[in-house]
Structure formats: structure tokens, C-alpha cells
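What follows is one structure encoded as C-alpha cells, with my remarks underneath.
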Amino acid sequence: MLTKTKEQRKTYDSGRGYLIIVGATSGKSLFDGAVLTARYFYDALDMSYEDAMFVRKVDKKGAILEHSEFLDESFQFGVSIVKNGQKEGVNE
């Protein structure tokens, strides 16, 4: 049994969780399990699950380098995460 309250267990004022995941196939439900796992993981850490980026049809090591659109998209995803955090004081 935990003797500390939820507030006492918190180290930080919550947080935000993001997910970038790559899969070899193109199935519609390919990432459903990973998203559910991430949601529970972040919830256990008192964080919110904010957003995710999914990359399909990348099936071997280094193959992502053949898809510049995914590299550009992932860079923009990272930039948007940082900008959103700065606007709302997450990085203070």
C-alpha cells in the first residue's frame, strides 16, 4: 500500500508524452497496441499523452534514409513539440 498521496508522489508538475513509432507493414491497426501502452505508461507517470507520429512501410535498418518525407515530418514534429512547450511554460 502506498503511504504517500498522489500529490506527494509527483516530482514534477505533470508532463507531456509523445510517441514516434515505425512499423514495417501498412495495416490500419498496426500501432493501436503501442498507442494504448504509451497512454497507460504516461498516465502512470501523471503525464498526458499528447500526440504521435506513425511511420509505416519501413522494414529494415537504415531504410528510413530513403524516405526524406518522414525525416522532414519527424523534424517538424519535434519543432512543434518544443514550440508548444515553450508557449505553455513546460521548459521552465
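The values are calculated or read from the model by the stated rules, or taken from the named source; none is laboratory data. Keep in mind that what you see is a predicted model, and the values were worked out from it rather than measured. Reconstructed Cβ throughout: ideal geometry from the backbone, glycine too, with neighbour counts over all protein chains shown.
Listed conditions (1) at pLDDT 95 or above; (2) loosely packed, with under 13 Cβ neighbours inside 10 Å; (3) touching a strand residue (DSSP E or B) at 6+ places or on another chain (Cβ under 8 Å); (4) of a type outside the set (A, V, I, L, M) are all met by Asp43, apart from (1). Within region 13-31, being exposed (fewer than 10 other Cβ atoms within 10 Å of the Cβ) and closer than 18 Å to Glu66 by Cα holds for Thr25, Ser26. Residues in region 1-33 that are modelled with pLDDT of 85 or more, farther than 23 Å from Gly85 by Cβ and not hydroxyl-bearing (Ser, Thr, Tyr): Val22, Gly23, Ala24, Gly27, Lys28, Leu30, Phe31, Asp32, Gly33. Of the residues making up region 42-79, those that are part of a helix (DSSP H, G or I), aromatic (Phe, Trp, Tyr) and closer than 11 Å to Tyr18 by Cα are Tyr42, Phe77.
With respect to Thr37, determine if the residue is hydroxyl-bearing (Ser, Thr, Tyr) and under 30 Å from Thr5 (Cα atoms). Yes, satisfied.
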